[in-house]
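Report on the structure given below.
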Amino acid sequence: MVSIVGSGLIKIDRYYEFSETDLVIEAYKNLILKVKEMPSSIDALILASTYSDTLSKNLMLAFKLSNKLGIKTSISFRVENGDNGGSAVLAAYSLIKSGIANSVLLIGVDKFSDYPSKYVNDVISYNLGNEYQYQVGLTPHAHAALLMKRYMKKFSKDYDYFTKWPLKMHENAVENPYAYLRFKVDKKVIMDSQIVAEPLRLFDVAARADGASVVLITSDELSRKFTDTTVRIENIVSSNLPLDLASVRINSVRDVAKKLTAKMSSNDIYEIHDSYSILATLELESLGLAKDGNGLDNLDNVNVNLGGGLKARGYPGSAAAIYQLAELYLHLIGEHPRGKIDAERGFLLSTDDLGNSSHLVALMR
């Protein structure tokens, strides 16, 4: 089996004066404080970072980080799959599951604050089809707006329905010291916020900011060397299926939900990739946590995105998945600053911005 034995996070924020390396060093320091001992040699270092080359002109960052952190490792590489940091989680899990490595330091970092939103949105649009989408000026925001319109028409919903998600996420973020937007909002603020792409408004869009998170993953045999409180990664299932705008379906999420053998219930803890309110709605439905057309009707009875999600914890690119993994780990061992949640299982759903690629991770304490 594969076990998580420690994590280190920093608050997601705008760190104008720090580089990606600076942020990772701070997160790594927090990890060192949590484990019994930190070896100088780790079998592999896996980095989730989507935009370090385009926004920071920084290649071979995994190698550079291993040297900066003073970690001796024979394997180091960066995983880029859009904003889907779950691909890096899968790589770390696979290395240990296969026996290639017994210990993996999983790092997530991305940084957006050094550039204006117009430029950042242009770079994010590189995730779209280069020939027929990006080149004609489409953005992920526009796709999400079309998806929301289709949903509203299909299920006879008005915009008021979608305010439930940012209301809940901001409420959850208040108690999370790692969150970027730690404040509550009311419905009027959401309804009156700026239109991004009609009907999509500012509070429907996850807040991109800078962040770094690290998670130490080992084989079961090695885990007790680092901690007495481990969480097992039971399984990871993956899917690549394009978003279906016409039918209002996130096919890849429905596919991973079918593939997962572990049974999900309302007593478990969930971290989902809420890049947009409409994506959160469809993901909850696709996972079977709500009926189609009613994704946001039962939020008080599901332990979902307890730290505020990408919406309010913040959205540090593909590092978001490493934050999700780290916070699920802290919840399951009862050490999250937000308070103890009585749950033995956790599930992490990592996707790209529009749900074309998905990884579903099952955790058990």
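Any residue in segment 112-140 that is aromatic (Phe, Trp, Tyr) sitting within a Cβ distance under 7 Å of a residue that is part of a loop (DSSP other than H, G, I, E, B) and buried (at least 16 other Cβ atoms within 10 Å of the Cβ)? List the pairs, counting only those 6 or more apart or interchain.
Phe112/Ala209; Tyr134/Leu128
Scan segment 62-81 for residues that are touching a Ser or Thr at 6+ places or on another chain (Cβ under 6 Å) and within 25 Å of His273 (Cα to Cα) and jot them down.
Correct list: Ala62, Arg78, Val79, Glu80, Asn81.
Only residues that are more than 17 Å from Met264 (Cβ to Cβ) and at pLDDT 95 or above: list them for segment 298-318, please.
Listed by number, the residues that qualify are Gly307, Gly308, Gly309, Leu310, Lys311, Ala312, Arg313, Gly314, Tyr315, Pro316, Gly317, Ser318.
Before we move on, is Ser49 open to solvent by less than 30 Å² (accessible area, probe 1.4 Å), touching a residue at least 60 places away in the same chain (Cβ under 8 Å), polar (S, T, N, Q) and under 20 Å from Tyr126 (Cβ atoms)?
Criteria met by Ser49.
Which residue out of Gly339, Gly317 is part of a loop (DSSP other than H, G, I, E, B) and open to solvent by 10 Å² or more (accessible area, probe 1.4 Å)? Before you say what the answer is, go through the steps one by one.
Working: Gly317 fails: open to solvent by 10 Å² or more (accessible area, probe 1.4 Å).
Just one listed residue meets the conditions, Gly339.
May I ask you to verify whether Gly8 is at pLDDT below 95 and either over 22 Å from the mean Cα position of the chain (by Cα) or not in a loop (DSSP other than H, G, I, E, B) (or both)? I'd like the intermediate steps shown before the answer.
On the way: at pLDDT below 95: no; either over 22 Å from the mean Cα position of the chain (by Cα) or not in a loop (DSSP other than H, G, I, E, B) (or both): yes.
It is false that Gly8 is at pLDDT below 95 and either over 22 Å from the mean Cα position of the chain (by Cα) or not in a loop (DSSP other than H, G, I, E, B) (or both).
Are there any pairs, at least 6 apart or on different chains, whose C-beta atoms fall under 6 Å, with the first in segment 16-36 and among the aliphatic types (A, V, I, L, M) and the second assigned to a loop (DSSP other than H, G, I, E, B), and if so, which?
Listed by first residue and then by second, the contacts come to Ala27/Ile10; Ile32/Met38; Val35/Phe226; Val35/Thr227.
What single numbered condition from (1) under 23 Å from Asn240 (Cα atoms); (2) more than 12 Å from the chain's Cα centre (by Cα); (3) not β-branched (Val, Ile, Thr) fails to hold for Gly317?
Going through (1) under 23 Å from Asn240 (Cα atoms); (2) more than 12 Å from the chain's Cα centre (by Cα); (3) not β-branched (Val, Ile, Thr) one by one, Gly317 breaks only (2).
Here is a check on your reading of the model: is Tyr134 of a type in the set (Ser, Thr, Tyr), open to solvent by 10 Å² or more (accessible area, probe 1.4 Å) and at pLDDT below 95?
Against the criterion (of a type in the set (Ser, Thr, Tyr), open to solvent by 10 Å² or more (accessible area, probe 1.4 Å) and at pLDDT below 95), Tyr134 qualifies.
Looking only at helices (runs of 4 or more DSSP H) that fall completely inside segment 26-143, which ones have 3 or more residues that are within 30 Å of Arg249 (Cβ to Cβ) and of a type in the set (Gly, Ala, Ser)?
Fully inside segment 26-143 and qualifying: 86-97.
Residue by residue, here is whether (1) at positive phi; (2) out of contact with any helix residue (DSSP H, G or I) (no Cβ under 7 Å at 6 or more places or on another chain); (3) open to solvent by 20 Å² or more (accessible area, probe 1.4 Å); (4) in a strand (DSSP E or B) holds:
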position: Ser213; (1), (2), (3), (4): no, no, no, yes
position: Glu221; (1), (2), (3), (4): no, yes, yes, no
position: Lys225; (1), (2), (3), (4): no, yes, yes, no
position: Asp228; (1), (2), (3), (4): no, yes, yes, no
position: Arg232; (1), (2), (3), (4): no, yes, yes, yes
position: Ser238; (1), (2), (3), (4): no, no, yes, yes
position: Val256; (1), (2), (3), (4): no, yes, no, no
position: Ser266; (1), (2), (3), (4): no, no, yes, no
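The values are calculated or read from the model by the stated rules, or taken from the named source; none is laboratory data. Please read these numbers as outputs of a predicted model, since none were measured by experiment. Neighbour counts run over all protein chains shown; Cβ positions are idealised from the backbone, glycine included. Just the protein is used for accessible areas: all its heavy atoms, side chains included, with ligands, DNA and RNA removed. Shrake-Rupley method; radii C 1.70, N 1.55, O 1.52, S 1.80 Å.
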